[in-house]
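**Q** Here you go, one structure.
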Amino acid sequence: MRGVSKAFGPVRVLEHVDLSIAGGEIHALMGENGAGKSTLLKILSGSYSADAGEILIDGRPVRIGATTDAASLGIAIIHQELNLIAQLSVVDNLFLGRERARFGVLERSRMRTEAAGWLAQVGAAHIDPEQDAGTLSIGRQQLVEIATALSRNARVLIMDEPTASLTEHEIQALFTIMKDLKAQGVAILYVSHRLEEIFRICDRITVLRDGHLVGERSISETNFDEVVKMMVGRELHERFPRREVAPGPVRLKVEDLADEGHIGGISFEVRAGEVLGIAGLIGAGRTRILRTLFGLNRRSAGRVLLDDAPLRPARPGDAIAAGIGFVTEDRKRQGLVQGLSVRKNASLVHLEQYSRLGIVNSRAERAAVHELIEELQIRTRDSELEVKALSGGNQQKVVFAKWLARPPRVLLLDEPTRGVDVGGKAEIYHIINRLAAGGTAIVMVSSELPEVLAMSDRILVMREGREAGIFDAGRTSQEEIMAAATEGLRI
Amino acid sequence: MSVSRRETLQRLGPFIALLVLCTGLAFLSPDFLTVANLFDVMRQVSINAVIAFGMTLAILLGGIDLSVGSILAVSAVVIALMMKAGFAAELATLIGLLCGALMGAANGLVITKGKVAPFIATLGMMTLLRGVALVLSQGSPISGFPSAFFSTLGGGYLGGVVPLPVVWMLALFAVFWFLLERTVFGRHVYATGGNAEAAWLSGVNTDRVQILVYTVSGVMAAAAGVILTSRLNSAQPTAGAGYELDAITAVVLGGTSLAGGRGWIFGTLIGALLIGVLNNGLNLLGVSAFYQQVIKGSVILLAVLLDRVPKTE
């Protein structure tokens, strides 16, 4: 890509951006949210057309006017949210739109054989082509998408946050396949917020900021700090700000907790000002612990004490009244009402605080929300703006704001920095630290091991619905935690 | 900035359309812009508007209430039977409204506890309650109520000029505006309609919100039944058939999204007035009843299309 520009009305999203990827190379594209990465990907895949600049493949300029052009030029994109049709089988998905047929009648056995071949090529021979795509795990669905891309002769493979929903083992499997593809001469453009992964798998890296090209580096010649500085535009003093809080008395005590058949024998306690991390593979029951504590899943056994008083919420409203907050994993579906304003979202949980006899005192509400916007540094022009207009990181801060109108005694966090860029992450860590300093006990589920290690005081590791151990964050390592999370599992 | 300005303009679209229509009619027909005619239009609109206020809440939740016409009929028949049996008109009216609340609550319970889609639940209730109205009245109209109180409700005037149904309509508009804009309940309606799961996780008792909304819709249908029965001095078991569609039309014309979470009560009032003025104008201009349907249908489609177009960008 050479000198590519794109503007929406007066807003210049991309300005003279150059990007080149060689065959047999894994190239990282990095930048904070809003830096122009998505626009660039959409231009490459034909969803948008560039205002200026050109795209060359093998030195020849090409025109990508529609998504079908991209496909015929050998460009395939694998989106963060996968695009398989859940009700159709793997074969049907793989050949969607170019079914093998004679006189309009499908040649099922031929498609099945071909599909098996492509699946084998991405190391996924274990996937049954006749299975419904929706029954596969996210990791396997991704393999099906990669197989589909290869079957379309993709020479440029674009992967947008491919590891966001994968377990550590699935990530390793994916990386192995990526290295295979690289050896076959495929060019891979890899978009991710996860620095560790980029340094593990990529060869070169291009950084965008505010629509401009900041620079291109070879991975071997750069380091974390330089990349972060390139993205953020300033020195980010610490990726994980330190917390100096002496934990107080026990706030939350959980004994032998079980839900209906998925988790059992969970015991832990969290002190005021302490962060307990929960690590483990996806499906190990981490989120279930939080949901059970919050009254979303039925508890079948065990005892929970909040400040020494028994807690048995029948629904979220009860848990909230007892002083528990829950920042859920899926911002869009569970965290925010997208069509409502920042103000109405931020005040939703504790609306009664600004109300008398069911009537909202809008002046008090506005004042409180403005205070939260200041305190959390939510970047929005106006608190009346619909929350969906905000960037991911700022939306996540609105989710935090919902719970902070009255500081919770216990705050449950499920993947609190998912889809948030480096700068936004650091700000969220600051918020977590401030809450802890105020005496809140925090339970944080996260799939990002560096985050769990740096932010937690202690780490509870889950394995197949059971506790695999609790580790002191200062005296453990990623390796020890992964070993505990996977011990005895066949993956 | 341009987004919010465009949005405001769009929200005022129905209002502007109403002004344009009124101006046009004022030029075309000398009878249109008279105090008597304007109050006449508003009185004709009042029954639909009152039902549509309740319907707005149901649609804001992403639901619908198809049973309003049947609830209207049952309430009307109950009130008429009670008055015929010698109960005081005031008591009969109160019981009639209460019946509306109970029928609405039944809708809400089937939808939340039975987990039935609102369309299906209220469709079933529509048929069931129409049957109840026919059974109670044995299929024939009940007419002739001596109570002066009761005949004033739908036929009286405030200060000799403003028909009481118009007063009820405007008063209820004010109540609903306050309810939606200023109360915790109103906020919870928007939140539940916009994203029920997020609302539930934020501690909103979404089931209770839904039951309350359908209860309110039932009360509004019953109130419309009171006005209608009082004006006609007769309760018909077949009254209100098709009223649900008029109410839905008013809500949608007013810019409330059938997907839920987005809309306002002012739009519904304007939507109801728009339909009323159009009816009145076509009558004044002597347009045949057949063409009236064609024109009204076209206006509805045009309004909804205009509402859609700018949103695609």
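Taken together, the values in this text are just the output of simple stated rules run on the coordinates, not laboratory data. Just so it is clear, the model here is predicted, and its values are computed rather than measured. Backbone-built Cβ (ideal geometry, glycine too); neighbour counts: all protein chains shown.
**Q** Which one, A:ALA468, A:PHE400, A:HIS370, projects farthest toward the positive side of the charge dipole computed for the range A:250-486 from Cβ point charges (K/R +1, D/E -1)?
**A** A:HIS370
**Q** Among the listed pairs A:LYS397/B:LYS115; A:LYS42/A:LYS332; A:LYS6/A:LYS388; B:LYS115/B:LYS296; A:LYS229/A:LYS332; A:LYS42/A:LYS182, which are separated by more than 26 Å between their Cα atoms?
**A** From A:LYS397/B:LYS115; A:LYS42/A:LYS332; A:LYS6/A:LYS388; B:LYS115/B:LYS296; A:LYS229/A:LYS332; A:LYS42/A:LYS182, over 26 Å: A:LYS397/B:LYS115; B:LYS115/B:LYS296; A:LYS229/A:LYS332.
**Q** Over the Cα atoms of the range A:250-486, what is the Rg over Rh ratio if Rh follows Kirkwood?
**A** Dividing the radius of gyration by the Kirkwood radius yields 0.97.
**Q** Relative to the Cα centre, what is the charge dipole magnitude of chain A, using +1 at the beta carbon of each Lys and Arg, -1 at the beta carbon of each Asp and Glu, and rounding to the nearest 20 debye?
**A** 980
**Q** Another one. So in the range A:250-486, what percent of DSSP beta bridges are antiparallel if you round to the nearest 5?
**A** About 55 percent, rounded to the nearest 5.
**Q** Here is a further query. When Cβ neighbours within 10 Å are restricted to other protein chains, what is their mean count per residue of peptide A:383-395?
**A** What the average comes to for A:383-395 is 1.
**Q** Which trypsin sites (Lys or Arg not before Pro) does the range A:66-125 hold that lie in a coil by DSSP with at most 16 other beta carbons within 10 Å?
**A** A:ARG98, A:ARG100
**Q** Here's something else I'd like to know. Once the other residues with Cβ under 13 Å from the Cβ of B:MET125 are scored (Lys, Arg +1; Asp, Glu -1), what is the net sum?
**A** Local charge sum for B:MET125: -1.
**Q** Which one of A:PHE240, A:LEU293, A:SER267 has its Cα pushed farthest toward the positive end of the charge dipole of the range A:205-300, where Lys and Arg give +1 and Asp and Glu give -1 at the Cβ?
**A** Towards the positive end, the residue furthest out is A:LEU293.
**Q** Same structure again: Which one, B:PRO165, B:GLY255, B:ILE211, projects farthest toward the positive side of the charge dipole computed for chain B from Cβ point charges (K/R +1, D/E -1)?
**A** Going by the Cα projections, it comes out as B:ILE211.
**Q** Among the trypsin sites (Lys or Arg not before Pro) within the range B:22-120, which fall in a DSSP loop and have no more than 11 other Cβ atoms within 10 Å of their own Cβ?
**A** The qualifying sites are B:LYS113, B:LYS115.
**Q** How many partner chain Cβ atoms sit within 10 Å of a residue's Cβ in peptide A:333-346, on average, as a whole number?
**A** 5
**Q** Right, something else. Can you give the % of DSSP beta bridges in chain A that are antiparallel, to the nearest 5?
**A** Among the beta bridges of chain A, antiparallel pairing accounts for roughly 55 percent.
**Q** Can you check what the net charge comes to around A:ALA50, using other residues whose Cβ is under 15 Å from the Cβ of A:ALA50 (Lys, Arg +1; Asp, Glu -1)?
**A** Computed value for this residue: +1.
**Q** On to the next question. Could you work out the per residue convex hull volume over the alpha carbons of chain A, in cubic angstrom?
**A** Output value, Cα hull per residue: 173 Å³.
**Q** Next up: Around B:SER67, which amide H atoms from residues at least 5 apart in sequence, or from another chain, sit under 5 Å from its own amide H, with H modelled in the peptide plane?
**A** So B:SER67 has HN proximity to no qualifying residue.
**Q** Which net charge results when you count Lys and Arg as +1 and Asp and Glu as -1 among the other residues whose beta-carbon is under 15 Å from that of B:GLY54?
**A** -3
**Q** Report the charge-dipole magnitude of chain B in Debye, nearest 20, computed about the Cα centre from +1 at each Lys and Arg Cβ and -1 at each Asp and Glu Cβ.
**A** It works out to roughly 280 debye.
**Q** Here's another thing I want to ask about it. Dimensions of chain B along principal axes (Cα, Å, largest first)?
**A** 62, 57, 37
**Q** Further question: Got a sec to turn the phi values of the range B:46-51 into Karplus ³J(HN,Hα) couplings, 6.51 cos²θ - 1.76 cosθ + 1.60 with θ = phi - 60°, whole Hz, x for Gly and Pro?
**A** The phi angles translate into 4, 5, 4, 5, 4, 5 Hz.
**Q** Is there a simple number for the mean count of other chain Cβ atoms within 10 Å of the Cβ of residues in B:201-213, and what is it?
**A** Counting Cβ atoms of other protein chains within 10 Å of each residue's Cβ and averaging gives 5.
**Q** Helix-only mean residue ellipticity at 222 nm, chain B, DSSP H runs n ≥ 4 weighted -39,500 (n - 2.57), per residue, nearest 500. What is it?
**A** -25000 deg cm²/dmol
**Q** Percentage of Cα-Cα pair distances in the range A:2-232 greater than 32 Å, rounded to whole percent?
**A** Taking all Cα-Cα pairs of the range A:2-232, the fraction more than 32 Å apart is 21 percent.
**Q** Continuing with the same structure: How much mean residue ellipticity at 222 nm does chain A get from its helices, if each DSSP H run of length 4 or more adds -39500 (n - 2.57) and you divide by all residues, to the nearest 500 deg cm²/dmol?
**A** Taken over chain A, the calculation gives -9500 deg cm²/dmol.
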